[in-house]
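Okay, structure first, notes after.
The numbers here are math on the coordinates, done by the rules we state, and not lab data. Everything numeric here is computed off the predicted structure, so don't read it as measured data. Reconstructed Cβ throughout: ideal geometry from the backbone, glycine too, with neighbour counts over all protein chains shown.
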Ligand SMILES: Cc1cc2nc3c(=O)[nH]c(=O)nc-3n(C[C@H](O)[C@H](O)[C@H](O)COP(=O)(O)OP(=O)(O)OC[C@H]3O[C@@H](n4cnc5c(N)ncnc54)[C@H](O)[C@@H]3O)c2cc1C
Ligand SMILES: Cc1cc2nc3c(=O)[nH]c(=O)nc-3n(C[C@H](O)[C@H](O)[C@H](O)COP(=O)(O)OP(=O)(O)OC[C@H]3O[C@@H](n4cnc5c(N)ncnc54)[C@H](O)[C@@H]3O)c2cc1C
Ligand SMILES: Cc1cc2nc3c(=O)[nH]c(=O)nc-3n(C[C@H](O)[C@H](O)[C@H](O)COP(=O)(O)O)c2cc1C
Ligand SMILES: Cc1cc2nc3c(=O)[nH]c(=O)nc-3n(C[C@H](O)[C@H](O)[C@H](O)COP(=O)(O)O)c2cc1C
Ligand code: FES
Ligand code: FES
């Protein structure tokens, strides 16, 4: 049975990818996770300059998932390149997530990471606030998405994956803009803007006030976004959001995803990566599928009479 | 203690409102629900002509909530006016939810329902697909929202509430467009486009393919939307999405909501309306609040450093 | 009258692999339910899914207790199978319209496929005296899958058992059984009333056969439900008149001619 | 070495209203943990919240068993309080950096506020022989809120108890207790090592007092955690050097001067 997936020219051994922000810069889970289940790990988003991130609390458990407001804390590109990257030692591909405050910053950092040897692909996090436009995420409109991705594309020969924020009215247009600008794949979706309020103190729980919801709660929303996106672009779509079991992952593949990311579930269950990959194999065996394209997008083709109400 | 809320000129005895689509046309739960806990009930969305709705299955339980794809089945405006409305007999206000395929249809139906006597407000469901624009919801951009609400406003002296869909990039602009067109209040938000796939049959579970997610899963996302909207408009905001307990409701009020809707929770627990209103009273008593404005929006005012990641 | 109350488990016993009978103490329902009606249950335990689950009433002592028979197929039923006497449900019921016995008929034939037995058993128990002959046809793939709840034998009801592999009773399906009984009676078609419950495909075949023979047929159907009282419009069943019926309120028992079987089987 | 395994409850007992000790069988952790380290627990029961929950190690037999002491404050701890011997957790540990005993000091003073006792008790148990004098200062508002876990008495450790209302021990706070002990020892400041655990406000005051007196002070802090291993950057604690430290990896034990208390108290 072959679980390989190609993202640009990079071949992943399995379609399971560790989501950005949950696996540090690659080494943190050494000895704790079965990295052979992974096709790749995406690093925490790295920006040109180091970022301190948001004040605590940075995470809140809402039962059906978690809301985080880390604030893109990261060591910055120089420390990452000089100290962190050389030490990374995992038996799967390494994708580096990049972020910036201007298209120029994205372009620069893409240039810096290209040719470093150890980086197998760049994941462009366009959920970062566009400072010039009052902090709205770059990815929330097609033009800014295009501008960011275009710059990155010029600078790198590495596969470029664009990670789309979920609260977008015209998801298809944003996805197409990313592809037109040269994206090799799309990750759909990032976390969902959300918040929690401490009713006793009458104030937001998170230091950053709002944060991003991930985990079980968002699965069926992300699945619909993947379904929509996969129907409108031809590059591979990497599903993300609330995937916790093999069945969840299979739903995403049937909806049209070529690969999928897991994040929050690992905070609950470090065995999840192997369980998911094993479950995927069992399903494929049961159905007689020899490789992923045998069932990728198989649930598509029905007429969608509408998400109301 | 005073729990009254004013929506336009209509005064609700409590801030708890039954959400559209869960309470039929008003009478269905007779003898089963404590209607005195309610400030109002919103009817199932009524359209000019009757609609058959989507093929089954129309609902799927995803544990953290439910996805429905009813397809706006309803008896249509004439049967509603002629047979249904005269029979409605509940000791709280009745809001009628209206929908249409063109701004013109919204306008017409608003006219029909005005002056019927029993209707206390109109809730304009702008999540209906805009047929002229390929089925994208009217509410997903400011202009179409404005066009729909403007027409309704012209036709009616009843309070006009506009119910906003959640997947909108520029939520504030859509909200402001609704207000500019004359909305007296906003309901935020409708269900979240979502889906489930039957991995055994490799096809979508719902007859309508995608549907709308409601229930616990969406609470913290809706809360962030309410927070955002309440900060950008001056009309009352009615929070909706995943409210299941008094604490949930209080979070929405602290975020700036003047009232709140409950829907899915009643499918699990018919005692929820009274439990929630009682819990609200207990909280207010404990904090020494005499009425809702005493704590409405109290959690606001902190700087929002960002929903990433 | 429909109401929402608490049902306490009196007994929860496995009948055969994966099938259970559960006795519930719930006077508000036991007092006034008829065969074909159902209840909506929500287990008051952590891990229960979002919605309540519908179960047909299998029997009632008319005062305080109601029995259901259920098969473990997913999360809720699997939680139920692990619940013990004393544990509780939030329950709504009795719901829906039951079967309408036709006293002008001399023969009643109840056709049960798979887990379709509960409402039919209740029918036989309650209405056996109205008919000269009452036959209960039970069908299953194999002997192991045949569902015969304890206490099912009702005085005066003839049981006809069919298994597809012939491992128990006659070889054949419940439909063969029905065809046999209808043929065998050799009576006026007006003298026979058929009632049925089981998988959708089977019901469709029963409906078809009855229409062919001109025999009246009532079916109890299943569709995913949420509110159970006609408020949410979830439980749509394609109607032969166009549009949809709603299983919870217009049914779950329908005259088989009301349903557009073809459209329903496509979904 | 940190690992992820299964911990089985051996015993779960209430110490006083809302506070419990739990004995866990978990050899992978018991074998190699030091005072100040913690574990992350996820109860393998329906209803557990999304994340694991962190608890300091209260004692360890060094071979198979580890004890924790916890207070019921929310969902997870309330579920824990209802769990029985034999039930299991998915556990990660031992995590974080423990206390560093300073053998050049002759006096160790451990200051516990509220539920801060567990890591300090473990410290006293393990390192009592390194010091000439070890004092454990316990503070609480009232006698009822004072937490004295069973088996806490450690040979050679002097216990000093403070309640704000004077209902048990001396009247005053743990801070008064500390001030008393530091004063009373009348020793070189280099001879005293303070370690502390408790509410953030108390720790800040302890840190302040120690800085004033020039006494070295290590604190064990709490911040909401997710991964526990430095991967998710959730557990940020404002650093006096600017930016943030991470409680799970850089701590939970810090030299009190590393923390920007003012900034932290504002959050
Ligand atoms: C009026 C009515 C009466 C019923 N009477 C009985 C009965 O007496 N005994 C019995 O064993 N079962 C009965 N059912 C079916 C029973 O409700 C389902 O088996 C149960 O809801 C499954 O719940 P679950 O969480 O275990 O499975 P899930 O994990 O929810 O689903 C497993 C499978 O069951 C189907 N299913 C889920 N919910 C429903 C639903 N509400 N209605 C129909 N199918 C569903 C799903 O499509 C899926 O294929 C009845 C259904 C209806 C509508
Ligand atoms: C390193 C460390 C060691 C700890 N050791 C102990 C211990 O030995 N004994 C003990 O009783 N408690 C200890 N705690 C605190 C304990 O983790 C929380 O009380 C517990 O997580 C609450 O979970 P809950 O679901 O019951 O409460 P929740 O409903 O989640 O929250 C209730 C309250 O507890 C706070 N809280 C929630 N999660 C955490 C967390 N991860 N860290 C700190 N506060 C939190 C919340 O802000 C809230 O005010 C420790 C915390 C840390 C970080
Ligand atoms: C603590 C935390 C930190 C995250 N940091 C980042 C980040 O730096 N960059 C990014 O693109 N996504 C980040 N994410 C989002 C995840 O990569 C992922 O898209 C999201 O969590 C949804 O997947 P899940 O439900 O499987 O967790 C973060 C998520 C969490 C929970
Ligand atoms: C079965 C069902 C039917 C619904 N029908 C409508 C509708 O006709 N019109 C509308 O505006 N919203 C409709 N909604 C959305 C609800 O009014 C509400 O906005 C949503 O369910 C979120 O609230 P909740 O999480 O409390 O259920 C429907 C929701 C459900 C679950
Ligand atoms: S289940 Fe709600 S209408 Fe039938
Ligand atoms: S809890 Fe993840 S970094 Fe500390």
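Just report the Cα centroid separation between segment C:234-267 and segment A:151-188, whole Å.
If you average the Cα positions of each part, the centres end up 45 Å apart.
Describe numerically, in nm with one decimal, the distance between label points set 7 Å from Cα along Cα→Cβ at residue B:285 and at residue D:201.
About 2.7 nm, to one decimal.
What is the average number of partner chain Cβ atoms found within 10 Å of a Cβ in A:251-263?
2
To the nearest 10 degrees, how steeply does helix C:174-185 sit against the main Cα axis of chain C, on a 0 to 90 scale?
Relative to chain C, helix C:174-185 is tipped by roughly 50 degrees.
If R₀ is 30 angstrom, what is the calculated FRET efficiency for the pair residue A:275 and residue A:87, using the beta carbon separation as r and rounding to 0.05?
0.60
Going by C-beta contacts inside 10 Å, put D:260, A:247, D:67 in order with the fewest on the left.
Listing D:260, A:247, D:67 from fewest to most nearby Cβ atoms yields A:247, D:260, D:67.
Can you tell me what percent of all Cα-Cα pairs in segment B:161-241 are more than 21 Å apart?
36 percent
Looking at the protein assembly as shown, what % of its DSSP beta bridges pair antiparallel, to the nearest 5?
Percent antiparallel among DSSP bridges in the protein assembly as shown is about 50.
How much of the DSSP beta bridge set in chain B is antiparallel, as a percent to the nearest 5?
Of those bridges, close to 40 percent are antiparallel.
To two decimal places, what compactness ratio does segment D:3-95 give when its Cα radius of gyration is scaled by 2.2 N^0.38 Å?
Compactness ratio reported: 0.96.
Of D:243, D:139, D:169, which has the largest mean-square fluctuation in a 10 Å C-alpha GNM of chain D?
Taking springs between Cα atoms under 10 Å, the residue moving most is D:243.
Hey, for residue C:104 with labels 7 Å out along Cα-Cβ, what do the inter-copy distances come to in nm, ordered shortest first?
Ordered by increasing distance: 10.8 nm.
Take residue D:16, project a point 7 Å from its Cα along the Cβ direction, then tell me which residues of segment D:174-216 have their backbone nitrogen under 14 Å from it.
The answer is D:174, whose backbone nitrogens lie closer than 14 Å to the label point.
Counting pairs of alpha carbon atoms under 8 Å apart in space and at least six apart in sequence, what relative contact order in percent does chain A give?
So the answer I get is 18 percent.
Pop the C-beta distance of residue A:154 and residue A:79 into the FRET formula with R0 = 30 Å and round what comes out to the nearest 0.05.
Working from the Cβ atoms, E equals 0.75.
What gaps in nm, shortest first, separate residue B:131 from its twins in the other copies when you place the label 7 Å past Cα toward the beta carbon?
4.9
Which FRET efficiency value, to the nearest 0.05, do you get for residue D:6 and residue A:30 by plugging their Cβ-Cβ distance into 1/(1 + (r/R0)^6) with R0 = 22 Å?
0.55
State whether segment B:1-125 is rounded, prolate or oblate according to the following rule on the C-alpha gyration tensor (a ≥ b ≥ c being the square roots of its eigenvalues): a/c under 1.5 gives rounded; otherwise a/b larger than b/c gives prolate, and the remaining case gives oblate.
Oblate.
For chain D, what is the relative contact order in percent, using Cα pairs closer than 8 Å and at least 6 residues apart in sequence?
Computed over chain D, the figure is 17 percent.
Would you order C:19, C:232 from fewest to most other beta-carbon atoms within 10 Å of each residue's own beta-carbon?
C:19, C:232
In the protein assembly as shown, if every C-alpha pair distance is counted and binned at 20 Å from zero, what percent goes to each bin?
Taking every Cα pair in the protein assembly as shown, the percentages come to 11, 37, 36, 14, 2, 0.
Restricting the count to DSSP beta bridges whose residues both fall in segment C:107-266, what percent are antiparallel, rounded to a multiple of 5?
The antiparallel proportion sits near 20 percent.
Suppose a student asked you for the relative contact order of segment D:107-266, using Cα pairs under 8 Å spaced at least 6 residues apart; what percent would you report?
19 percent
Please state the shape class of chain A: rounded when a/c is under 1.5, otherwise prolate if a/b exceeds b/c and oblate if not, all from the C-alpha gyration tensor.
Rounded, since a/c falls under 1.5.
Considering the Cα positions of segment D:107-266, please state its Rg to one decimal place and its Dmax as a whole number of Å.
Looking at segment D:107-266, its Cα Rg and Dmax stand at 15.5, 45 Å.
Fewest first, what order do C:105, D:4, D:227 take by the number of other Cβ atoms within 10 Å?
Placing the least packed residue first, the sequence is D:4, C:105, D:227.
Checking the a/c ratio against 1.5 first, then a/b against b/c, what shape does the Cα gyration tensor give for segment B:70-127?
Prolate.
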